[in-house]
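Rule-based calculations on the coordinates, nothing more; no lab input. Since the model is a prediction, treat every value here as computed from it, not as a measurement. We place every Cβ from the backbone using ideal geometry, glycine too, and count neighbours over all the protein chains shown.
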Amino acid sequence: MTSPTGRQAGKDSDVGSLSRAGDLFQLLRDGRARTRAELALSTGLARSTVASRIDALMLSGLVGPAGEALSSGGRPPSRFAFNPAARLVLAVDVGATHVIVAVTDLGGKILAEHRLEQQVADGPEAVLDQVVAQGKELLASAGRSVAELAGIGIGLPGPVEHDTGKPVKPPIMPGWDGFDVVSYVQRSLPVHVLVDNDVNIMALGEQSAHWPEHNNFFFVKVATGIGSGIISNGELQRGANGTAGDLGHVQVARGADVLCACGNYGCLEALASGPAVARSLREHGRDVGEVLATVVNLLNPSVIVVGGSFGETGEHVVAGIREVVYRRSPPLATSHLRISVSRAGSQAGVLGASQLVTQYVLSPAIIEATLAGAIAG
């Protein structure tokens, strides 16, 4: 899903002395300022090599000066740090009945945001035209330009083929099946465009913003439908066909006579999705807890976060989930488990869409290709 202006990562070997500048940059992504000498010491590279790579990163704007270190005699050495304001990300969360568009920096800080009512069932052209128009408006309101965009991240409320960004048989998205979202958006905004399922990006957003120290993380969204995002050993898990985390159609014992929209009986989504939850919050919290107890046994996460409209109902619903999970899971699996409502709330999607882009555009291969392109240009 590279933009028309991008270069293939396979050409990284051609960038000569900059071939590992992307790796050096990863050390600076934590935001801590360092001197050339400190970078040389931590990497084992010669100071001259470090200096040339820092110069290239500064030329790109991704690294900037960060004051001076204490001197041990003579001129104080300069320090350098990641500059998240160098480029921008357009982050988009498309729901069943809404679209949230935000502009963030490369550190995930939201600079401008707008929510609009929009039915995903109106079709891809109508929705994506709104996304592009709103994105351009937000950039202008923030005093920034399209030329500063590093990429666009989009979350969609249905299964997405990760390699192409195309929706795959999405149940509530008529007209979207197989639609080339990436190419359509790039007609107006020729930058990197990455697309994923909305719950995957919500998991990324929630974890990166509020639980960064937890590498085994599970996010469950209960709204119009039910789905989950799985982060295991720090990596988002999508499964073989991009459908990992589809909890909505796991059978719940007490629902054997309840028909689901999918044609089966007893699905969690038929019992505990948004409309069902409105009837009896506490009872349906236990239904979700029954399925999540199985998740705990299989994946052993350290954190489970409940989001969507279900999470917005408050702590008393999560208490019902905890009750069942702790009762039905082995003590070892729950000894350090935390179950919480979403802290990011409605911003989880755009925060995750931003993360989706920055993880890609700030990866070593793309950084090196970007630097090579800047030099060739």
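Computed values, structure above
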| read-out | value |
| --- | --- |
| Helix-only [θ]222 nm of the chain, DSSP H runs n ≥ 4, -39500 (n - 2.57) each, per residue, nearest 500 | -11500 deg cm²/dmol |
| Packing-based exposure ordering (other Cβ within 10 Å, fewest first) of GLU38, GLU290, GLU213 | GLU213, GLU38, GLU290 |
| Rg/Rh ratio calculated on Cα atoms of region 202-348 (Kirkwood radius) | 0.94 |
| Spatially proximal aspartates and glutamates relative to LYS221 (Cα-Cα < 12 Å; intrachain offsets below 8 disregarded) | ASP198, GLU206, ASP246, GLU269, GLU312 |
| Relative contact order for the chain, counting Cα pairs under 8 Å that sit 6 or more residues apart, in percent | 18 |
| Karplus-derived HN-Hα couplings along region 258-271 (A = 6.51, B = -1.76, C = 1.60, θ = phi - 60°), whole Hz, x at Gly and Pro | 9, 7, 9, 4, 6, x, 8, 10, x, 5, 3, 5, 6, 9 |
| Rounded to the nearest 20 debye, dipole of the chain from Cβ charges on Lys, Arg, Asp, Glu | 1040 |
| Normalised contact order of region 184-250, rounded percent, pairs of Cα under 8 Å and 6 or more residues apart | 25 |
| Between 0 and 90°, nearest 10: helix 47-60 axis offset from the chain longest Cα axis | 60 |
| Two-decimal Rg/Rh across the chain, once Rg and the Kirkwood Rh are taken from alpha-carbon atoms | 1.02 |
| Region 130-248 - Debye-derived log10 I(q)/I(0), Cα point model, q = 0.15, 0.17, 0.22, 0.23 Å⁻¹ | -0.76, -0.93, -1.23, -1.27 |
| Cα-based Rg of region 84-187 normalised by 2.2 N^0.38 Å, two decimals | 1.05 |
| Degrees separating the helix 124-141 axis from the principal Cα axis of the chain, which is the longest one | 50 |
| Protection-proxy order for peptides 292-302, 249-259, each taking the mean of Cβ atoms within 10 Å per residue, highest first | 292-302, 249-259 |
